[in-house]
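What follows is a set of notes on a single structure, which appears directly below.
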Amino acid sequence: MESYPQDQSEFDALLASEEACRAYLASIRWPAGFVCPRCAQPKAWVKTTGVWECVHCGTQTSLTAGTLFQDTRSPLRVWFQAIWYITGQKYGASALGLQRVLGLGSYHTAWAWLHRLRRAMVRPGRDRLHGVVQVDETFWGSEQAGKRGRGAAGKTLILVAVEHTGRKLGRLRLLRIPDAAGETLIPAVQDLVAPGSTVETDGWAGYGGLAKSGYQHQVLRTEAIEDLLPQVHLVVALVKRWLLGTHQGGIQVSHLEYYLDEYTFRFNRRTSHSRGLLFRRVLEYAVQVDPLRESDLRAKSTQ
Ligand SMILES: [Zn+2]
């Protein structure tokens with residue numbers, strides 16, 4: 001049974017202390033209960049440092065080791081408040097908003113937190129799209145559309161894949177790609193879409209190998225002026241509006257993947273109205289992703 005806070009008052013009541021936050025995270029990290037990694041015994045002393053010490057062999061296991069929260073100097077309670085804030089923001093969280101809510105001293109700190117948390121918005125090993133999937137590429141950060149294929153150097157390309165049943169949109173995947181050559185596009189589609197699915201594209205030669213790669217490839221052609229790929233183009237318009245609106249266009253290309261992940265997380269859960277469930281999902285992903293160190297962030301932000 002998945003438990004999560006239903007609203008603000010439950011959040012405040014259930015996760016009021018560091019101890020309660022640790023117990024909650026432990027229930028997510030070890031859903032079947034803690035088991036010692038050395039002797040497989042289930043009994044442990046829970047230390048105030050967040051360490052589980054096996055009562056049989058004394059092996060110490062850190063609750064946060066190997067998770068997004070590894071090496072953090074901040075209490076879990078503050079991380080939980082940050083995640084709660086983010087999942088309550090319908091149109092995307094801003095570093096400034098997070099700084100205010102948590103009373104963080106610097107904007108940079110808030111920004112770094114937000115970037116860490118965005119990594120927990122992608123389910124590790126997530127399912128690929130299936131059914132009927134419309135696929136196209138779009139440019140980001142450049143007014144003039146350049147050549148496709150290998151001539152796209154210097155521009156940022158995003159591969160967009162969206163499931164649909166007629167006009168009804170399903171799940172979305174966004175992937176930054178270096179170019180739109182066939183050698184890039186085919187493996188990228190394989191990453192995002194399960195074999196056997198119907199993949200709809202325009203007539204671009206780069207998609208020519210899809211049929212040989214196990215897909216039902218549907219090349220859409222029209223002589224009319226109406227939009228060839230309406231579902232995927234609607235999503236492209238939404239993503240771009242969100243990137244420009246929520247983030248005021250102030251996005252470094254080196255960080256684009258993080259923003260795409262946040263958008264995908266929100267889009268794929270757009271019909272879920274439970275803030276508590278989103279909160280729980282972010283924590284579930286957070287215990288599965290590698291820790292991100294401050295030095296990684298610095299390296300990224302100077303790119
Ligand atoms: Zn043990």
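The values are calculated or read from the model by the stated rules, or taken from the named source; none is laboratory data. Fair warning: this is a prediction, and the values are worked out from it, not measured in the lab. Virtual Cβ from ideal backbone geometry, glycine too; neighbours counted across all protein chains shown. These area figures cover heavy atoms from the full protein model, side chains too; ligands, DNA and RNA do not enter into them. Shrake-Rupley method; radii C 1.70, N 1.55, O 1.52, S 1.80 Å.
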Take the conditions outside any loop (DSSP other than H, G, I, E, B), touching a Pro at 6+ places or on another chain (Cβ under 8 Å) and at pLDDT 90 or above and apply them to residue 61. Does it pass?
yes
Of all the residues that make up the range 165-177, how many are more than 16 Å from residue 204 (Cβ to Cβ) and either part of a loop (DSSP other than H, G, I, E, B) or open to solvent by less than 20 Å² (accessible area, probe 1.4 Å) (or both)?
5
So if I check each of 64, 48, which one is in contact with a Gly (Cβ under 8 Å, 6 or more places away or on another chain) and either in contact (Cβ under 8 Å) with a residue 12 or more places away in the chain or farther than 20 Å from residue 283 by Cβ (or both)?
64
Can you name the number of the only condition in (1) within 26 Å of residue 112 (Cβ to Cβ); (2) within 16 Å of the ligand (Cβ to nearest atom); (3) more than 22 Å from the chain's Cα centre (by Cα) that residue 65 fails?
(3)
Odd one out for residue 113, checked against (1) away from the ligand (no atom under 16 Å from the Cβ); (2) open to solvent by 50 Å² or more (accessible area, probe 1.4 Å); (3) outside any loop (DSSP other than H, G, I, E, B)
(2)
Kindly check whether there is at least one residue in the range 222-230 that is outside any loop (DSSP other than H, G, I, E, B), of a type outside the set (Gly, Ala, Ser) and in contact with a strand residue (DSSP E or B) (Cβ under 7 Å, 6 or more places away or on another chain).
no
Of all residues in the range 78-100 being open to solvent by 20 Å² or more (accessible area, probe 1.4 Å) and more than 17 Å from the chain's Cα centre (by Cα), which is farthest from the ligand (Cβ to nearest atom)?
96
Mind checking whether some residue in the range 127-134 is surrounded by 19 or more Cβ atoms within 10 Å (Cβ to Cβ), in contact (Cβ under 8 Å) with a residue 40 or more places away in the chain and part of a loop (DSSP other than H, G, I, E, B)?
no
For the range 15-58, how many residues meet the condition of being near the ligand (Cβ under 9 Å from one of its atoms), buried (at least 18 other Cβ atoms within 10 Å of the Cβ) and part of a loop (DSSP other than H, G, I, E, B)?
1
Residue 63 vs. criteria at negative phi, open to solvent by less than 30 Å² (accessible area, probe 1.4 Å), among the aliphatic types (A, V, I, L, M) and out of contact with any Ser or Thr (no Cβ under 7 Å at 6 or more places or on another chain):
yes
Go through (1) in contact with a Gly (Cβ under 9 Å, 6 or more places away or on another chain); (2) more than 16 Å from residue 275 (Cα to Cα); (3) in contact (Cβ under 8 Å) with a residue 12 or more places away in the chain and name the single condition residue 112 misses.
(1)
Take residue 75 and decide whether it is within 16 Å of the ligand (Cβ to nearest atom) and open to solvent by 40 Å² or more (accessible area, probe 1.4 Å).
no
